[in-house]
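Some notes on the structure that comes next.
The values are calculated or read from the model by the stated rules, or taken from the named source; none is laboratory data. Model, not experiment: these values are computed from the prediction. All Cβ positions, glycine included, derive from the backbone under ideal geometry; neighbour counts span all protein chains shown. Keep in mind that these areas ignore ligands, DNA and RNA; they rest on the heavy atoms of the full protein, side chains included. Shrake-Rupley method; radii C 1.70, N 1.55, O 1.52, S 1.80 Å.
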Amino acid sequence: MKKPKPQPGLPTREQILRFIEASKDAVGKREIAKHFALHGNDKIALKALLKDMTDEGLVDMAPGRAFHKHGGLPRVTVLRVVAIEGSNLWAVPDRWEGTAPPPRLRVMEQGRKGALGVGDRILARTEERGNGHVAHPMKRLAASAETVIGVLVEDVGPGGKPMIWLRPADKRARFDFAVADKGDADIGDLVRAELTGRGAAIKAKVIDRIGDPFAPKALSMIAIARHEIPHVFDGETIAEAERAAGLPLTADGREDLRDLPIVAIDPIDARDHDDAVWAIADEDPGNQGGYKAIVAIADVSFYVRPDGDLDREARRRGNSVYFPDRVVPMLPETLSAGVCSLKAREDRAAMACHLVIDKHGKVTSWRFNRALVRLRANIAYEHAQAAYDADTPRDDWDADVLPTLRSLWACWALLAKARAARAPLDLDLPERQVILDEAGGIAEIRVRDRLDSMRLIEDYMIAANVAAAKALEAKKSPVMYRIHEPPSREKLVSLKDYLETFEQSFALGQVITPAVFNRLIDGFSEDDRLPEIMQAILRSQTQAYYGPANAGHFGLALGSYAHFTSPIRRYADLIVHRALVDSYRLEVPGKPRNLPARTGLGEADAKGLSRIGEAISALERRAMEAERETVDRYVAAYLAGKTGEIVAARITGVQPFGFFATVDGLGGDGLVPVSTLGSERFFYDEAARSLDSEHGRVSYSVGQRLDLRLMDANPVSGALRFELPDAPEGGFRNRPPRRDGVKGKATGKDKAGKHMVGKRGRPANIKHKGRRR
């Protein structure tokens, strides 16, 4: 399109719009005035005209005071990277005022130093290309202004004047923030606010009202809002899910396994059933004492195809997120709880892993194919365990379900034998389970039982995951590995220092394997300190992640490992399924209308596995943190009615400002401030993870059990606060003054290297902003 020629006098609205649309560069008032040769009073009139056009919705103003057509993209604007698809990066405008969904732009990274990732902000020049837009990055920008999720409270401020404060929902936050603008939110509302200013002048401006933090299911909404977890599917994604759900399911291109009594064993409240199992004694004379098994996994790749709206949304979410009061699924419920879910007495599409297991529990061969299955039963872990133990079927089971359980248990005995020989890391850490009543209230919080039926399914899934990785390796195909690297030397040194406080040696020169840690655990098996030892070992481990460069799985003691068994709830598994489709030519016949044709991985995604792995690893960590925080909030809500009571507790962490403790049998995490510990000064011993009184009369260390008084339980943040049962109200005020000449004034440490705790329980070098709670 040619630029319109300059016109004498003030231009019309149509002329300005044509000039903005035709310009390749950012267009501000100066550029418009220059183009139309405006001077003096005409420039003043132009300013008023542009304001009118903005008010009328004809143009929008972008950052930098550049104009663009309303509902369109500025020529130069700030974008946020939101997705990685193969080797392509996709971004959306950082701020979008249009009524239509924000446009997605492909980011052209040629020649840029430093790879961009999801969440990065860039200043970019935008260009219309074909039916869409591309973005040419100009520079990477700093993170946007800090936002905080919290509750509005009214309290006194400086000089006793009533003020509105934002109390953060993050229990690690130690300060409230004065609210400069609460918008349409009310006191008690859960809000999202933007922090402005610096230091003591920092203020909170409410930008979004989320709702009532104490309404049913609100505790999970706090985590959803705080971690920006997508929880609503757009219309295009729902529409594609409904089209996919209508795909005809036939035996074409599939092995018909509907006659086999395959069963699914899952949590009692499971809604999405990814996996099902079957086993039978192998009649092959060459495998006497061995078994054949099938691990049937939902064939999600048949329904969620590359490059569609469904696939983009699944990748953006990365995984399902499980809260006590809701599930935020990776896929719309039409698929996740519908046609993808392996339900009894209904035909379902599956990806089948066929295993041959010898009498020693070694998997000697495997093959993968697409299959058609019809499960005999969906069984809860508890029911499967009870039926096997009593050798009695439930009334609603078909006659062949109990014999299938017997065969599954017999085959599992072999797999368990091989697992024991492999000696993976054996950390049996308790898992809290929040039980809600029909009204959404807390009925019970308990430690989830660990049943053999759970271990059985776990070992079948591990066998199938290993087979998937090795099957792809055999074809020299790209693999999205699940990687768990050995502990770093730095973490091992920290573990060694900690173990020395228990008079337990730990040789750094030995070859570190999971069995080394298992021997440590066995040595404390009859010791009350076993939970602390296991927690210390857990802290020494690296974070597992996804990627295409195999480094093995240290914790499972496996050389090759991938996630294959949960494609309804994990995007990594879907990638592995697609790779198997490509490698073993498992495409099903037929070309569906209004859906992408192929179900395999494709070249672009195969080349982009590294970037995809980084993105979904970060999303997994986000989900885990959100789930853990929400359980803590439910624990705090459960304990809120018990403030003032004495509870049995265990110290879980020590810092210069106090120690953290958890309630036995319930969990949660609460602080005992050092200011409440007594009139003596306390020293922080980092190696021993302890707080020691100045004269050695009292010591508080990780793992120590003691009674504490619950002083506060905050369901919004999940924070608990404790004091010693005999602590005076307000803590101890008569602590002796600091003796700088002895205690190391500059470093805050004494001569032995212990951190000296200040008069208010805070090291002198810690600064804060906002109002301390």
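Here's the yes/no breakdown for (1) touching a Ser or Thr at 6+ places or on another chain (Cβ under 9 Å); (2) under 28 Å from ILE457 (Cα atoms):
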site	(1), (2)
LEU520	no, yes
ASP527	no, no
SER540	yes, yes
ASN550	yes, yes
ALA562	no, yes
TYR571	no, yes
ALA579	yes, yes
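Among the listed residues ALA264, ALA281, ALA251, ALA276, which satisfies the condition of being at pLDDT 95 or above, open to solvent by 30 Å² or more (accessible area, probe 1.4 Å) and either small (Gly, Ala, Ser) or under 27 Å from PRO596 (Cα atoms) (or both)?
Details: ALA264 fails: open to solvent by 30 Å² or more (accessible area, probe 1.4 Å); ALA251 fails: at pLDDT 95 or above; ALA276 fails: open to solvent by 30 Å² or more (accessible area, probe 1.4 Å).
Result of the check over ALA264, ALA281, ALA251, ALA276: ALA281.
More than 24 Å from the chain's Cα centre (by Cα), touching a residue at least 24 places away in the same chain (Cβ under 8 Å) and open to solvent by less than 50 Å² (accessible area, probe 1.4 Å): does that describe GLY667? Spelling it out, it is not the case that GLY667 is more than 24 Å from the chain's Cα centre (by Cα), touching a residue at least 24 places away in the same chain (Cβ under 8 Å) and open to solvent by less than 50 Å² (accessible area, probe 1.4 Å).
Every residue, every condition in (1) closer than 30 Å to LYS292 by Cα; (2) surrounded by fewer than 21 Cβ atoms within 10 Å (Cβ to Cβ); (3) hydrophobic (A, V, I, L, M, F, W, C); (4) touching a Gly at 6+ places or on another chain (Cβ under 8 Å), yes or no:
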site	(1), (2), (3), (4)
ASP449	yes, yes, no, no
ILE457	yes, no, yes, no
SER477	yes, yes, no, no
TYR481	yes, no, no, yes
VAL493	no, yes, yes, no
GLN504	no, yes, no, yes
ILE512	no, yes, yes, no
ALA515	yes, yes, yes, no
ASP522	no, yes, no, no
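Which ones in the stretch 385-406 are among the β-branched types (Val, Ile, Thr) and free of Cβ contacts under 8 Å to residues at least 12 places away in the same chain?
Filtering the stretch 385-406 down to residues among the β-branched types (Val, Ile, Thr) leaves 392, 401, 404.
Answer for the stretch 385-406, where residues must be among the β-branched types (Val, Ile, Thr) and free of Cβ contacts under 8 Å to residues at least 12 places away in the same chain: just THR392.
Kindly establish whether MET461 is surrounded by fewer than 22 Cβ atoms within 10 Å (Cβ to Cβ) and either out of contact with any Leu (no Cβ under 6 Å at 6 or more places or on another chain) or touching a residue at least 40 places away in the same chain (Cβ under 8 Å) (or both). Yes. Of all residues in the stretch 649-664, those that are without any contact (Cβ under 8 Å) to a residue 60 or more places away in the chain and of a type outside the set (Val, Ile, Thr) total 5.
How many residues, within the stretch 287-315, are crowded, with 21+ Cβ neighbours inside 10 Å and assigned to a helix (DSSP H, G or I)? Summing the residues that are crowded, with 21+ Cβ neighbours inside 10 Å and assigned to a helix (DSSP H, G or I) in the stretch 287-315 gives 9.
Criterion applied to THR334, THR364 was being hydroxyl-bearing (Ser, Thr, Tyr), in contact with a helix residue (DSSP H, G or I) (Cβ under 6 Å, 6 or more places away or on another chain) and open to solvent by 10 Å² or more (accessible area, probe 1.4 Å), and the one residue passing it is THR334. Taking the criterion of being under 19 Å from TYR460 (Cα atoms), of a type outside the set (Asp, Glu), open to solvent by 50 Å² or more (accessible area, probe 1.4 Å) and under 31 Å from the mean Cα position of the chain (by Cα), would at least one residue in the stretch 387-395 satisfy it? Checking the stretch 387-395: not a single residue is under 19 Å from TYR460 (Cα atoms), of a type outside the set (Asp, Glu), open to solvent by 50 Å² or more (accessible area, probe 1.4 Å) and under 31 Å from the mean Cα position of the chain (by Cα). Can you name the residue in the stretch 397-447 that is in a loop (DSSP other than H, G, I, E, B) and within 30 Å of ALA281 (Cβ to Cβ) and, of all such residues, is least open to solvent (accessible area, probe 1.4 Å)? Across the stretch 397-447, the extreme among qualifying residues is PRO424. So, of the residues in the stretch 119-147 that are open to solvent by less than 80 Å² (accessible area, probe 1.4 Å) and modelled with pLDDT under 75, which turns out to be farthest from SER610 (Cα to Cα)? That would be ALA145.
Can we say GLY318 is closer than 27 Å to VAL466 by Cα and either without any contact (Cβ under 8 Å) to a residue 60 or more places away in the chain or open to solvent by less than 50 Å² (accessible area, probe 1.4 Å) (or both)? Give the derivation first.
Working: closer than 27 Å to VAL466 by Cα: yes; either without any contact (Cβ under 8 Å) to a residue 60 or more places away in the chain or open to solvent by less than 50 Å² (accessible area, probe 1.4 Å) (or both): yes.
Answer is yes for this residue.
Among the helices (runs of 4 or more DSSP H) lying completely within the stretch 1-87, list those that include at least 2 residues that are within 27 Å of ASN131 (Cβ to Cβ), open to solvent by less than 60 Å² (accessible area, probe 1.4 Å) and at pLDDT 65 or above. Step through it out loud before you land on a result.
On the way: elements: 13-22, 29-35, 41-55.
Once the helices (runs of 4 or more DSSP H) in the stretch 1-87 are filtered for at least 2 residues that are within 27 Å of ASN131 (Cβ to Cβ), open to solvent by less than 60 Å² (accessible area, probe 1.4 Å) and at pLDDT 65 or above, what remains is 13-22.
Which pairs do you get when a residue that is without any contact (Cβ under 8 Å) to a residue 24 or more places away in the chain, found in the stretch 526-553, comes within reach of a residue that is open to solvent by less than 60 Å² (accessible area, probe 1.4 Å), reach meaning Cβ atoms under 6 angstrom, with the pair 6+ apart or on two chains? Close Cβ pairs (under 6 Å, with a partner that is open to solvent by less than 60 Å² (accessible area, probe 1.4 Å)) amount to LEU530/PHE524. Does ASP208 count as without any contact (Cβ under 8 Å) to a residue 40 or more places away in the chain and out of contact with any His (no Cβ under 8 Å at 6 or more places or on another chain)? So ASP208 fits the description; yes.
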